[in-house]
Amino acid sequence: MTKYANKTCYKCGIILPQPEMNQIQISEDAGHSTSIFGNTNKKAWGGVRFYTRKKNVWVRKKCNGSTSLGIIGLILFFTIILLFFI
Ligand SMILES: [Zn+2]
């Protein structure tokens with residue numbers, strides 16, 4: 001039996017085996033760099049360039065995102081707390 005590697009969902013942080021996940025590509029802000037490419041023959045924007053870079057992340061196939069899951073968790077948490085005081 002093959003054991004799959006666990007992947008962390010980019011949106012909600014849930015860790016599941018790879019078959020439960022989809023890999024997607026996002027652009028993330030990589031900040032700026034100063035003359036990293038060091039090509040002085042070409043015109044540069046004052047030697048500072050801003051750019052984004054592509055990044056592969058894993059997202060759960062039935063992911064609801066972190067917001068709804070967080071709210072449901074919060075409601076459940078307070079419901080359980082309340083039940084102790086009734
Ligand atoms: Zn998720």
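Give just the number: which of (1) in contact with a His (Cβ under 8 Å, 6 or more places away or on another chain); (2) modelled with pLDDT under 60; (3) not β-branched (Val, Ile, Thr) does Arg49 not satisfy?
Status for Arg49: all satisfied but (2).
Looking only at region 12-31, count every residue that is assigned to a strand (DSSP E or B) and farther than 17 Å from Lys55 by Cβ and tell me the total.
Looking only at that region, the number is 3.
Can you confirm whether Ile15 is loosely packed, with under 11 Cβ neighbours inside 10 Å and either modelled with pLDDT of 85 or more or away from the ligand (no atom under 13 Å from the Cβ) (or both)?
Here the answer is no, as Ile15 does not meet what is asked.
Given the options Thr67, Thr8, Thr79, name the one that is part of a helix (DSSP H, G or I), at pLDDT 80 or above and not hydrophobic (A, V, I, L, M, F, W, C).
Of Thr67, Thr8, Thr79, the one residue that is part of a helix (DSSP H, G or I), at pLDDT 80 or above and not hydrophobic (A, V, I, L, M, F, W, C) is Thr79.
The values are calculated or read from the model by the stated rules, or taken from the named source; none is laboratory data. Just so you know, these numbers come straight off a predicted model, no measurement behind them. Note: ideal-geometry Cβ built from the backbone for every residue, glycine included; neighbour counts use all protein chains shown.
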